[in-house]
1. Can you put 18, 49 in order of Cβ neighbours within 10 angstrom, beginning with the fewest?
2. Need the full-extension length gain, residue 55 to residue 28, defined as separation in residues times 0.36 nm minus the C-alpha distance. One decimal, nm.
3. Between residue 39 and residue 86, with labels modelled 7 Å along Cα→Cβ, what's the label distance in nm to one decimal, could you check?
4. Stokes-Einstein diffusion coefficient for the range 3-86 at 4 °C in a medium of 1.567 mPa s, Rh from the Kirkwood formula over Cα pairs: what value in µm²/s?
5. So what is the calculated 222 nm ellipticity per residue for the chain, using -39500 (n - 2.57) for each DSSP H run with n of 4 or more, over all residues, to the nearest 500 deg cm²/dmol?
6. Between residue 7 and residue 46, what is 0.36 nm times their sequence separation minus the Cα-Cα distance? Round to one decimal in nm.
């Protein structure tokens, strides 16, 4: 599924506008990015959401991970899942 396809899903359309913006910015900045460079970005986003008294639900987090990892190899996806499970 292409990024534009994710952005037109009912799940994405129901998100708070700030969450939509964050996901789009993160997706745009993650093209060809390494797993290691994405982790600080995700942490920064979580801090910003917390500051605004928002957070991603489990399903929203899964949607974001699907968008970010769509072009990754299975090994890279597994590494992301492992790191996120520790957070």
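Readers should treat all values here as calculations from the given coordinates under stated rules, not as data from a laboratory. Quantities reported herein were computed from a predicted structural model and do not represent experimental measurements. Quick reminder, even Gly has a Cβ in these numbers, built from the backbone with ideal geometry, and neighbours come from all protein chains shown.
1. Working: 18 12, 49 16.
With the sparsest Cβ surroundings first, the list reads 18, 49.
2. Values: separation 27, 0.36 × 27 = 9.72 nm, distance 2.04 nm.
Extra length from residue 55 to residue 28 when fully extended: 7.7 nm.
3. 0.5 nm
4. Values: Rh = 13.1 Å.
Rounded, D is 99 µm²/s.
5. Details: 6 runs with 64 residues, N = 87.
For the chain, the value works out to -22000 deg cm²/dmol.
6. Details: separation 39, 0.36 × 39 = 14.04 nm, distance 1.99 nm.
Additional length available on full extension: 12.0 nm.
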